[in-house]
Amino acid sequence: MKRLDEPRLAWGITGSGHFLRECLDLACSLPNVDLFLTRAGEEVLQMYGHRLDGLREDFRVFRDNTASAAPVGLFYHGQYHGVVVAPATSNTVAKCVLGLSDTLVTNIFAQAGKCRLPTIVFACDTAPEMETESPKDWVTVYPRPVDLAHTGALARMPGVQVVETLAGLRSAVEAHLAALVRPAP
Ligand SMILES: Cc1cc2nc3c(=O)[nH]c(=O)nc-3n(C[C@H](O)[C@H](O)[C@H](O)COP(=O)(O)O)c2cc1C
């Protein structure tokens, strides 16, 4: 993996269709973003019409194809200034809360914590009843109390900001980028 001079934003995509296109559009509008996919994220991206080849035109893309989450080694070399997970499935949120790291995205979340990098998570499960987009149309889903409890617990973790809306995601990311200390020219 090539090391780059300027730190970048690591953006995790999990297997959720919840505002997936809008999350990608936001990531695409930002400078220096690398995508980290879970295996489910890679599948769901394709179900919503996003091909890996196309994504590679705009991003460096890391797939979840090693047991050790090899790309996280980049976190130890100052390659990233922050982590965004958007959208974040119930599964990934639950694992993050429990401290599990067995996918590429739960691994970048864990490494962000261990390297004290700020993390922003756009959680799918934020209310007892929600509208979300399936590959074909909009549907109503009812996140369970356990899902909502995990989202709440995630928001209480140090260094982690949980956002519930796209507007919230955009402002959190913009605030993070604005706060970066840039070296003097
Ligand atoms: C089309 C599609 C959309 C999905 N959307 C969601 C979602 O919005 N939220 C969610 O928690 N799981 C969703 N799932 C299920 C997850 O992909 C599944 O739980 C997967 O195991 C999550 O793995 P990951 O957290 O490692 O990405 C969806 C699955 C499919 C096929």
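The values are calculated or read from the model by the stated rules, or taken from the named source; none is laboratory data. Treat the numbers as computed from the prediction; the structure is a model and nothing was measured. Cβ: placed from backbone, ideal geometry, glycine included. Neighbour counts: every protein chain shown. With ligands, DNA and RNA removed, areas are computed over all heavy atoms of the protein, side chains included. Shrake-Rupley method; radii C 1.70, N 1.55, O 1.52, S 1.80 Å.
Computed quantities for the displayed model
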| item | result |
| --- | --- |
| Condition met for Glu42 (in a helix (DSSP H, G or I) and under 14 Å from the mean Cα position of the chain (by Cα)) | yes |
| Only one of Val141, Val105, Val93 that is open to solvent by 50 Å² or more (accessible area, probe 1.4 Å), β-branched (Val, Ile, Thr), closer than 15 Å to His18 by Cβ and within 11 Å of the ligand (Cβ to nearest atom) | Val141 |
| Test for Gly17: is it within 15 Å of the ligand (Cβ to nearest atom) and not in a helix (DSSP H, G or I) | yes |
| Criterion (aromatic (Phe, Trp, Tyr), surrounded by 21 or more Cβ atoms within 10 Å (Cβ to Cβ) and within 24 Å of Val93 (Cα to Cα)) met by exactly one of Phe75, Phe36, Phe19 | Phe36 |
